[in-house]
Amino acid sequence: PGLSYTWLFNNTTLDLEEDGRRFVSQATGSLYLAKVEPWDVGNYTCAVSSAEAQRRVWGPPTALTLRGDGVMGEYEPKIEVRFPETTHAAQGSSVRLECFALGK
C-alpha cells in the first residue's frame, strides 16, 4: 500500500500516455509492452516510490534485445511456475502464487 511504480528506458522516464503499447500495473509494478519494435531495444529500470516513507529506490537495469533470427512470437507454449513446492502462510494472511505463460 502506498507504493507507486515508474519505469525508465535508457535512464529516461517512460511517457506511457504517449505510447498506447506500454502499460505499468500499479498493483504489481510490472511493465507490459505490446508488439515490440526495434526502437524498444535498450535498458529498462523499475523505480518504486513510497510517499509515506518519502523514499524512492531503483532496481537493476534489465536489457531488452531482439532475437537475431528474426523470429518473434512463434514460440512453443511454455508455462513457468514461480513458487516453491511448499508455501507456508499464517491463517488469515494473503498468499500470491504467480504463473507465467507465453506462446502463440
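The values are calculated or read from the model by the stated rules, or taken from the named source; none is laboratory data. Nothing here was measured: the structure is a model prediction, and the numbers come from that model. Neighbour counts are summed over all protein chains in view; Cβ atoms, including those assigned to glycine, are modelled from backbone coordinates with ideal geometry. Accessible surface areas use protein heavy atoms only, side chains included; no ligands, DNA or RNA. Shrake-Rupley method; radii C 1.70, N 1.55, O 1.52, S 1.80 Å.
Of a type in the set (A, V, I, L, M), farther than 17 Å from residue 24 by Cα and either touching a Ser or Thr at 6+ places or on another chain (Cβ under 6 Å) or modelled with pLDDT of 85 or more (or both): does that describe residue 41?
yes
Mind checking which residues of the stretch 21-67 are aromatic (Phe, Trp, Tyr), within 16 Å of residue 5 (Cα to Cα) and either open to solvent by less than 90 Å² (accessible area, probe 1.4 Å) or not in a strand (DSSP E or B) (or both)?
Selection gives 44 alone.
How do the pairs read when you match residues in the stretch 37-55 that are under 17 Å from residue 19 (Cβ atoms) with residues anywhere that are at pLDDT below 90 and of a type in the set (Asp, Glu), using Cβ under 6 Å and keeping only pairs 6 or more apart or on different chains?
none
Output the residue which, of all residues in the stretch 1-20 that are among the aliphatic types (A, V, I, L, M) and either modelled with pLDDT of 85 or more or open to solvent by less than 60 Å² (accessible area, probe 1.4 Å) (or both), is nearest to the chain's Cα centre (by Cα).
For the stretch 1-20, the residue satisfying everything is 8.
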